[in-house]
Amino acid sequence: MTTLARWARAEWGALYTAMRGPLAERRWRAAPMAVTAVCLTAVLHVVHNQAWGYRFVQDAGGVRAEDPLWLALLRTPLSLFVPALDLPVWGALAQILLVFGIAELCLGRWRTLALAYVATLAGTLYARLGIWLGTDAPIGLPASDARVVDSGPSAAVVGLAVFLGWRHRAYVTASLVIVAMVVEVVVKENLAGKEHLAAIAAVLALCAACELRQRRSRGRAGSGSGAPPIQS
């Protein structure tokens, strides 16, 4: 086995093992949520590009920081599947099919949706915080960003990729995703890039909480399995 093959096995072996069982058992039917999400995104893209459908999609899934918070929270779940108009839709579809599909196989449907929502919500709430702080703060944003439409699956995709890397010990892959997002902000500083970093921060905090809980569980199990003290 070559060095590259050994590295790939060490990096992605656990992830492949987690995927192999569901895929072997159900094949393409193993990730129905990801397939449904791809179809929903494609339909919303078509409707969004129609004169009669543009306003409907914006009202249902277009989030801006200037919107009332309750309205933004109401629109956030659907905003995951509204691709940005200035980016090719095939990129959003490929991201959802690949990353959401892998996450559904490894984590399950509801956990995948929950993580995707947490990552997207972190970006949405960060935009409000950044605008409130203003450009004088290191993590602040200009007031003009309040009118930028915040939609698309990218924050969820980034968050899921980082969580999958942590959970299945693909640490190099997760690190590369994080570095790529940092480079994106450095090269092209915009709202979307900073929201990606906010999504990563939220997921890393979740990973740290899960790791702490696992260590405490192992500690309790280790102390509980010890032999009772010898009484004189």
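The listed residues are R55, R26, R75, and the only one of them that is free of Cβ contacts under 8 Å to residues at least 40 places away in the same chain and touching a strand residue (DSSP E or B) at 6+ places or on another chain (Cβ under 8 Å) turns out to be R75.
Pairs meeting the criteria (first residue in the range 95-123 and farther than 21 Å from A205 by Cα and outside any helix (DSSP H, G or I), second residue among the β-branched types (V, I, T) and modelled with pLDDT of 95 or more, beta carbons under 8 Å, at least 6 apart or on different chains) are lacking. If you go through the range 96-124 and keep only what is within 19 Å of A42 (Cα to Cα), among the β-branched types (V, I, T) and surrounded by fewer than 24 Cβ atoms within 10 Å (Cβ to Cβ), you end up with just V99. The residue list D59, D67 contains one member that is over 20 Å from the mean Cα position of the chain (by Cα), closer than 24 Å to V118 by Cα, loosely packed, with under 14 Cβ neighbours inside 10 Å and acidic (D, E), which is D59.
Candidates in the range 12-52 are the residues that are among the small types (G, A, S) and surrounded by 14 or more Cβ atoms within 10 Å (Cβ to Cβ); of these, the one that is farthest from L107 (Cα to Cα) is A42.
Yes or no: the range 70-87 includes at least one residue that is surrounded by 12 or more Cβ atoms within 10 Å (Cβ to Cβ), modelled with pLDDT of 90 or more, small (G, A, S) and more than 19 Å from W166 (Cα to Cα). Yes, the range 70-87 contains at least one residue that is surrounded by 12 or more Cβ atoms within 10 Å (Cβ to Cβ), modelled with pLDDT of 90 or more, small (G, A, S) and more than 19 Å from W166 (Cα to Cα).
Can you pull out the residues in the range 27-86 that are assigned to a helix (DSSP H, G or I) and charged (D, E, K, R)?
Here is the first cut: in the range 27-86, the residues assigned to a helix (DSSP H, G or I) are 27-30, 32-48, 54-61, 69-79.
Within the range 27-86, R27, R29, R55, D59, R75 meet the criteria.
Listed by first and then second residue, the pairs with beta-carbon distance under 8 Å, at least 6 apart or on different chains, first residue in the range 168-191 and within 27 Å of E11 (Cα to Cα), second assigned to a helix (DSSP H, G or I) and of a type in the set (V, I, T), are A174/V162; V177/V158; V177/V162; V177/I200; I178/V162; I178/I200; M181/V158; M181/I200. Only one entry in V179, V149 is in contact with a strand residue (DSSP E or B) (Cβ under 8 Å, 6 or more places away or on another chain), surrounded by fewer than 22 Cβ atoms within 10 Å (Cβ to Cβ) and not basic (K, R), namely V149. When only residues in the range 168-218 that are among the acidic types (D, E) and closer than 20 Å to P142 by Cβ count, which is farthest from the chain's Cα centre (by Cα)? The qualifying residue farthest from the chain's Cα centre (by Cα) is E189.
If we keep just the residues of the range 124-154 that are among the β-branched types (V, I, T) and assigned to a helix (DSSP H, G or I), which is nearest to L71 (Cα to Cα)?
Taking the candidates together, the pick is T124.
Scanning the range 154-167 for any residue that is at pLDDT below 95 and farther than 19 Å from A94 by Cβ turns up at least one such residue.
The values are calculated or read from the model by the stated rules, or taken from the named source; none is laboratory data. Keep in mind the model is a prediction, meaning the values are calculated, not measured. Heads up, the Cβs are rebuilt from the backbone with ideal geometry, glycines too, and the neighbour counts pull from every protein chain shown.
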